[in-house]
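Novice: Encoded as structure tokens, here's the structure I'll be asking about.
The values are calculated or read from the model by the stated rules, or taken from the named source; none is laboratory data. Model, not experiment: these values are computed from the prediction. Cβ: placed from backbone, ideal geometry, glycine included. Neighbour counts: every protein chain shown.
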Amino acid sequence: MSAAARAAQVKALASQLGFAAAGVTTLEPVPHGNALDQWLGLGYAGTMRYMHRQAEKRKAPDRILRGADRAVVVIYNYASSDEPMPPASGRVARYARGRDYHEGLRPALDHLADFVRGLGGPGAVAQPYVDAGPVPERELAQRAGLGWIGKNTMLIDPRRGSFTLLASVLTNVDLAIDSPFEADRCGSCTRCLDACPTGAFPAPRVLDATRCISYLTIEHRGDIPELLAGQVGGWVFGCDVCQDVCPWNQKFANGGEDTILQLDSARAWVPLDAFEDLDEDGFDRRYGWTPLERPGLRGMRRNCAAAAANTSHGESP
Ligand code: B12
Ligand code: SF4
Ligand code: SF4
């Protein structure tokens, strides 16, 4: 079987498994490795120490899995509409409205990796990665032809926008590669940069994570710095503002492809007092299987307190 036929079979299976799109690329060094070094040097990773530890592999992804020289990159579409939020509630980012994707996408990714390995025969390796690990997912997705990296730093698929998750299978099986997505379809638009509530973009395609609501409500440990706490509005987990305003999402993002995670719009917000009377066991039972588990009970209480203070000042997401 030719490398092109193998790649076509892998993409067909990815589609059957529930992924919206798939592409294949090499693991050559990424062209914007210096942008990562600058980003780390400026302290934009905040307390995400793993970003420093993983930097060398992120820049040279052929060092992630011994022998691997190909990545199959897949897109998972979780787009959904957003309804107005009831009073005294906090907004949850779209991707987090149900099952955690690291766990949820894993069986389908394992299946895809097994299939790729089978195509290679003896000595073939194929390893799935969903967010975890040093895989530079957006760079590889752009190189695999799946979209461009927008000024908000998101990978934007021209057919479905950016409410998508990325995952990959690294392998040494010979699969035909796709052409990179070279065009920059942002043009002169700056909507995302202008709309960010915390001013987290020092420049287009550069995000100071320490100012980003997503970082502050999910990754950051300890108190949210006072100045920024007043700017998180009503978000209590993650933030979708720089995607909501993007014309590519407004025109092309549509639901209906979320067949694996089956996220639930009823989880688009939580009452701001939802965590007050919960203990750790109760929190685990209710949220242990969702992304809210990452900040944990203490983090969610902190986030709700900040949102409650903002709501009382008339802010909302
Ligand atoms: C750390 C991290 C965060 C941090 C920092 C985000 C950031 N922009 O760096 C925080 C916690 C803030 C965060 C937030 C979110 N994240 Co996040 N995050 C990651 C993670 C683990 C690493 C990203 C990274 O490498 N950052 C370092 C910086 C320097 O990289 P970068 O901004 O991507 O820039 C690179 C390229 O853009 C390129 N580059 C620079 N200049 C130029 C210029 C041109 C022309 C080109 C082509 C490229 C280019 O060089 C850089 C270095 O390689 C990835 C998963 C992974 N394994 O990669 C998920 C990931 C990027 N996150 C994801 C998601 C969904 C989110 C949120 C939407 C969640 C939410 N709703 O709250 C927000 C979005 C915020 C935003 N606008 O980025 C998805 C994005 C999917 C997509 N379609 O792009 C990923 C891929 C996870 C996944 N597996 O799906 N995240
Ligand atoms: S996710 Fe929200 S806070 Fe973070 S960069 Fe985008 S708009 Fe700004
Ligand atoms: S809002 Fe505009 S500038 Fe930002 S990512 Fe979308 S098209 Fe690009």
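Novice: Of all residues being near ligand 1 (Cβ under 9 Å from one of its atoms) and touching a Lys or Arg at 6+ places or on another chain (Cβ under 7 Å) in region 199-213, which is nearest to residue 138 (Cα to Cα)? Just the residue, please.
Specialist: 205
Novice: Residues in region 272-291: is at least one modelled with pLDDT of 95 or more and within 19 Å of residue 215 (Cβ to Cβ)?
Specialist: Yes, region 272-291 contains at least one residue that is modelled with pLDDT of 95 or more and within 19 Å of residue 215 (Cβ to Cβ).
Novice: So, residue 248, is that one crowded, with 20+ Cβ neighbours inside 10 Å and not in a strand (DSSP E or B) or not?
Specialist: yes
Novice: For a quick check of your reading of the model, give me the residue pairs whose first member lies in region 216-243 and is within 15 Å of ligand 1 (Cβ to nearest atom), whose second is acidic (Asp, Glu), with beta-carbon atoms closer than 9 Å and at least 6 apart or on different chains.
Specialist: From residues that are within 15 Å of ligand 1 (Cβ to nearest atom), the pairs are 231/315; 232/315; 233/315; 234/315; 240/82.
Novice: Which residue out of 269, 289, 235, 248 is within 30 Å of residue 15 (Cα to Cα) and in contact with a strand residue (DSSP E or B) (Cβ under 8 Å, 6 or more places away or on another chain)?
Specialist: That would be 248, the only listed residue that is within 30 Å of residue 15 (Cα to Cα) and in contact with a strand residue (DSSP E or B) (Cβ under 8 Å, 6 or more places away or on another chain).
Novice: Let me ask something else. Those residues that are more than 16 Å from ligand 3 (Cβ to nearest atom) and either buried (at least 23 other Cβ atoms within 10 Å of the Cβ) or free of Cβ contacts under 8 Å to residues at least 24 places away in the same chain (or both), I need them from region 140-163; list them, please.
Specialist: The answer is 140, 143, 144.
Novice: I would also like to ask the following. Could you check region 85-166 for helices (runs of 4 or more DSSP H) lying wholly inside it with 1 or more residues that are among the basic types (Lys, Arg), more than 27 Å from residue 247 (Cβ to Cβ) and modelled with pLDDT of 95 or more?
Specialist: 106-120
Novice: Considering every residue within region 170-179, establish whether at least one is surrounded by fewer than 19 Cβ atoms within 10 Å (Cβ to Cβ), among the hydrophobic types (A, V, I, L, M, F, W, C) and in a strand (DSSP E or B).
Specialist: No - not one qualifying residue is present in region 170-179.
Novice: Applying the selection to region 56-98, what residues are closer than 30 Å to residue 173 by Cα, among the aliphatic types (A, V, I, L, M) and touching a residue at least 60 places away in the same chain (Cβ under 8 Å)?
Specialist: 64, 65, 68, 71, 72, 73, 74, 75
Novice: Restricting attention to region 21-65, which residues are in a loop (DSSP other than H, G, I, E, B) and over 28 Å from residue 213 (Cβ atoms)?
Specialist: Quick first cut of region 21-65, residues in a loop (DSSP other than H, G, I, E, B) only: 27-32, 42-48, 54, 60, 64-65.
Across region 21-65, the qualifying residues are 27, 28, 29, 31, 60, 64, 65.
Novice: Checking the conditions here, which among 285, 298, 302 is surrounded by 14 or more Cβ atoms within 10 Å (Cβ to Cβ), of a type in the set (Lys, Arg) and part of a helix (DSSP H, G or I)?
Specialist: Sole residue among the options that is surrounded by 14 or more Cβ atoms within 10 Å (Cβ to Cβ), of a type in the set (Lys, Arg) and part of a helix (DSSP H, G or I): 302.
Novice: Would you point out which residue out of 45, 71 is within 14 Å of ligand 1 (Cβ to nearest atom) and touching a Leu at 6+ places or on another chain (Cβ under 6 Å)?
Specialist: Just one listed residue meets the conditions, 71.
Novice: Which members of region 214-242 meet the condition of being part of a helix (DSSP H, G or I), within 16 Å of ligand 3 (Cβ to nearest atom) and surrounded by fewer than 24 Cβ atoms within 10 Å (Cβ to Cβ)?
Specialist: So in region 214-242, the residues part of a helix (DSSP H, G or I) come out as 214-219, 226-229, 241-242.
Filter once more, keeping what is within 16 Å of ligand 3 (Cβ to nearest atom): 214, 241-242.
Listed by number, the residues that qualify are 214, 241.
Novice: What are the residues in region 204-217 that are within 11 Å of ligand 2 (Cβ to nearest atom) and over 22 Å from residue 90 (Cβ atoms), if any? So that I can check it myself, show each step before the final result.
Specialist: Kept after step one, since they are within 11 Å of ligand 2 (Cβ to nearest atom), are these residues of region 204-217: 206-217.
Once the filter is applied, which keeps residues that are within 11 Å of ligand 2 (Cβ to nearest atom) and over 22 Å from residue 90 (Cβ atoms), region 204-217 yields 206, 207, 208.
Novice: Could you list, in sequence order, all residues of region 172-203 that are more than 16 Å from residue 247 (Cα to Cα) and within 13 Å of ligand 2 (Cβ to nearest atom)?
Specialist: Selection gives 197, 198, 199, 200, 201, 202, 203.
Novice: Residue check: is residue 191 of a type in the set (Lys, Arg) and either under 23 Å from residue 25 (Cα atoms) or crowded, with 20+ Cβ neighbours inside 10 Å (or both)?
Specialist: Working: of a type in the set (Lys, Arg): yes; either under 23 Å from residue 25 (Cα atoms) or crowded, with 20+ Cβ neighbours inside 10 Å (or both): no.
The answer is no for residue 191.
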